[in-house]
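Structure first, then comments.
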Amino acid sequence: MALEGGSWKESYKGMSADNIKGLVLALSSSVFIGASFIVKKKGLKKAGASGIRAGSGGYTYLYEPLWWVGMITMIVGEIANFAAYAFAPAILVTPLGALSIIISAALAHIILREKLHIFGILGCVLCVVGSTTIVLHAPQEREIESVKEVWDLATEPAFLFYAALVIAAVFILIFHFIPDYGQTHIMVYIGVCSLVGSLSVMSVKALGIALKLTLSGTNQLMYPQTWVFAFVVITCVLTQMNYLNKALDTFNTAVVSPIYYVMFTSLTILASVIMFKDWDRQSPTQIVTEMCGFMTILSGTFLLHKTKDMADGSPSLPVRLSKHTDEDGFGTEGIPLRRQDSSRAP
């Protein structure tokens with residue numbers, strides 16, 4: 001179908017220079033973050049073999065060099081992601097995390113031997129198609145000249161109400177649901193990570209804008225709002241890291257990654273729409289197209305999740321790692337607890 005007003009090249013040239021910078025940085029970020037999931041999981045397995053597992057409240061992984069390699073890889077990816085938010089709107093940057101799903105799932109299949117079914121591959125393809133659709137219809141970045149403008153946006157009633165709901169939900173999950181359901185329900189740990197993540201992205205974007213303006217000659221470090229955003233970023237990132245480690249150590253990596261992506265992306269886009277009013281600068285057609293792209297991503301992640309443990313038409317089995325299971329998926333009596341891992345070499 002032909003594009004109105006000219007060819008696809010003219011449409012592509014319509015992307016601002018900042019949006020293109022944000023796009024490149026976001027893609028680079030996804031490569032590093034996708035790989036970090038696998039390296040960290042290997043480190044968590046090694047640490048769990050000689051101490052208390054992270055999923056059971058242990059922190060022996062902090063003494064495992066392989067986990068730190070994964071952590072450094074993730075930090076590099078997050079730095080690139082941090083920079084991307086300074087140049088492009090969250091509704092463009094965040095969905096590109098779909099690439100990290102593909103990398104994580106593929107490496108888990110090859111390195112961790114967590115089997116990826118053919119429908120999982122189709123799910124990855126759908127993620128790419130949906131992300132491409134969103135990128136091609138993303139809004140231009142909002143022009144902001146001071147961190148005070150971001151602070152005014154963050155203290156509007158609509159976003160304050162959203163932030164209050166998120167904080168309340170996080171406390172309920174941590175103190176009520178995690179003690180009873182953290183080891184059996186994957187959505188509990190990931191729910192905390194995703195809710196906190198939506199606030200961290202808004203703060204990261206604010207801090208990124210402040211640093212970008214400072215480097216361009218307009219000092220923003222003298223404003224207390226910049227340091228408030230920095231404090232929120234540190235608090236949120238530490239919380240996300242803690243509960244993401246628990247999720248990775250308790251559940252299958254190729255399931256944690258896409259579910260976390262879907263929840264995190266959905267909540268981040270919602271937070272961005274409320275705080276930065278991204279959709280105010282778009283036509284109804286663009287908004288509907290973006291939503292169609294996002295629904296395509298959701299379909300892909302659903303396929304990847306539901307068929308992760310299928311093979312040859314067999315129904316999926318639970319993906320939670322038993323507290324009495326070794327890293328090869330066997331119980332203490334040698335009974336295979338996860339069919340997809342039962343053929344691993346010791």
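Here segment 254-293 has 76 percent of its accessible surface on carbon and sulfur atoms, given a 1.4 Å probe and all protein chains in place.
What ranking of Ile167, Ile102, Ile234 comes out by heavy-atom accessible area, probe 1.4 Å, highest first?
Largest accessible area first, the list is Ile234, Ile167, Ile102.
Using a probe of 1.4 Å on the protein chains alone, the accessible area found for Val135 is around 20 Å². Extension gain, Ile110 to Thr132: 0.36 nm times the residue separation minus the Cα-Cα distance gives 5.3 nm. Pairs exceeding a 18 Å alpha-carbon distance, out of Lys21/Lys212; Lys21/Lys205; Lys40/Lys205: Lys40/Lys205. When the residues Asp18, Asp278 are ordered by accessible surface, computed with a 1.4 Å probe over the protein chains alone, the sequence from largest down reads Asp18, Asp278. Along its first, second and third principal axes, ordered by size, segment 106-173 spans 48, 37, 19 Å in Cα coordinates.
Hydrodynamic radius of segment 67-209 by the Kirkwood approach over all distinct alpha-carbon pairs: 17.8 Å. On the full set of protein chains, 1.4 Å probe, figure out the accessible area of Cys236 and give it in Å² to the nearest 10. Result for Cys236: roughly 10 Å² accessible. When Met202, Met291 are compared by accessible area of protein heavy atoms, the largest-first order is Met291, Met202, using a 1.4 Å probe. Extents of segment 233-284, largest first, come to 43, 25, 8 Å (Cα atoms, principal axes, whole angstrom).
The values are calculated or read from the model by the stated rules, or taken from the named source; none is laboratory data. Every value quoted in this text rests on a predicted model; they were computed, and no experiment measured them. These area figures cover heavy atoms from the full protein model, side chains too; ligands, DNA and RNA do not enter into them. Shrake-Rupley method; radii C 1.70, N 1.55, O 1.52, S 1.80 Å.
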